[in-house]
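Below: the structure, in C-alpha cells.
The values are calculated or read from the model by the stated rules, or taken from the named source; none is laboratory data. Just so you know, these numbers come straight off a predicted model, no measurement behind them. Because the Cβ atoms are built from the backbone with ideal geometry, glycine has one as well, and the counts that use them run over all protein chains shown.
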Amino acid sequence: MLNGPFPVSLHQAGFRWNGFRLLDALAANMLDVSNTTLGFPGGSTMTSRYTLHGIWLSGPAYKVGLMLALAGETFNYEHVNLRAGEHKQPGFVAKQRFGQVPLLEDSKTGLKLAQSASILQYLAEQTGKFGGGSAQEAIEAREWTYWEFDRLAMHVYRMRGQRLGLRSLSQPIVEMHFAEGNVALKVLDDHLAGRDWLVGKALSIADIDIYGVVSYAPAGGFVLGQYANLSAWMKRIESQPGFKPNDQLLPKATQAA
Ligand SMILES: N[C@@H](CCC(=O)N[C@@H](CS)C(=O)NCC(=O)O)C(=O)O
C-alpha cells in the first residue's frame, strides 16, 4: 500500500508526461522558479574548478553536488532548463553526449563528464576522498553503484514520478515498482546490519551514490521507518560535514560558487 496523500497532480493541472522535461515544469510552475538561461547572470565569473550543470529536482545531479559538498569542494552551478529543451541543444550535447543532466566540467583537466556514478568515481580519484580504503573496497564501492542503477533507482524514481503526477503508470506497474523497490531497500537494510557504511569502515562513493537515490524514496511512497539500519545510515550521512539535503544543495538557478 502507498502511504500519504498524493501531491497535486500535474496531470490534473494539464501537463502531459514528457520524460524528465517535466522535472523542470514542476520547478517552474509549482514553485515559481523563473526560467534561466545557460550563462551567468550579471556578468559574474566562474570561480571554482568544477561546474555542475543540473536541475535541483534531479537525483543524479544531486548525487554529484553531494559528493562535491562532502569533499569540501565548491562548485559553479548552471541550471539546465529541461522544459525548454536546453539539454538537447547542440552546445549542451557537445559537452554531454547523452543530452542529460548532470554534466560536470572540470576546468583543471578540461574534462566534461556524464553519468553520475561515473562522475563520483572520477571525483573520488581527483579529490582523494571517498574512493574506498583499499583496491578491494574501491571495487566494492563501484559494484554498489552498478547495483543501485540495476535494482534501486528505477523503482524509486518511477514511484516518485507517479506520485508527483509526472508519470501515469498502470496499477500493476505501480505495484511492481513498489514491491521491487522495497526488495532493494531491504537488501540495503540487511547489508547495513552491524555496519556504519556500505563498504569498509568509512563513507565512500557507494554511500553517496545510494543516498542520492534513497533520499527520494519517501517522495515515492516508500516507508523508510521500517528499515532501521537504513534509517540510521541515512542519519549518519546527514551528520557529515558539508551535507545538505537535495532541496538546499542545488540552487534553483544558475550561480557562481
Ligand atoms: N544514468 C544517468 C541518468 C541521468 C538522467 O536520467 N537525467 C535526467 C534528469 S534526472 C535527464 O537529464 N533527463 C532528460 C533526458 O533524459 O532527456 C545518471 O546517473 O547521470
> Among the listed residues ARG158, ARG195, which satisfies the condition of being over 19 Å from the mean Cα position of the chain (by Cα), surrounded by fewer than 22 Cβ atoms within 10 Å (Cβ to Cβ) and more than 23 Å from LEU52 (Cβ to Cβ)?
Replying inline: ARG195
> In this structure, is ALA193 in contact with a Phe, Trp or Tyr (Cβ under 6 Å, 6 or more places away or on another chain) and closer than 25 Å to ALA135 by Cα?
Replying inline: no
>> Residues that are more than 12 Å from the ligand (Cβ to nearest atom) and out of contact with any Phe, Trp or Tyr (no Cβ under 9 Å at 6 or more places or on another chain): list the strands (runs of 3 or more DSSP E) wholly contained in region 67-147 that include at least 3 such residues.
In response: none
>> Can you tell me how many residues within region 115-173 are of a type in the set (D, E, K, R) and closer than 18 Å to VAL183 by Cβ?
In response: 6
> Out of region 44-66, which residues are under 24 Å from LEU166 (Cα atoms) and either of a type outside the set (Gly, Ala, Ser) or more than 16 Å from the ligand (Cβ to nearest atom) (or both)?
Replying inline: HIS53, ILE55, TRP56, LEU57, PRO60, TYR62, LYS63, VAL64
> In region 219-257, which residue that is in a loop (DSSP other than H, G, I, E, B) and among the charged types (D, E, K, R) is surrounded by the fewest Cβ atoms within 10 Å (Cβ to Cβ)?
Replying inline: LYS244
> Any chance region 148-171 includes a residue that's more than 25 Å from ALA217 (Cβ to Cβ), at pLDDT 95 or above and either away from the ligand (no atom under 13 Å from the Cβ) or in the same structural domain as SER48 (by TED's automatic domain parsing) (or both)?
Replying inline: no
>> Regarding region 120-129, can at least one residue be identified that is under 23 Å from TYR227 (Cα atoms) and crowded, with 23+ Cβ neighbours inside 10 Å?
In response: no
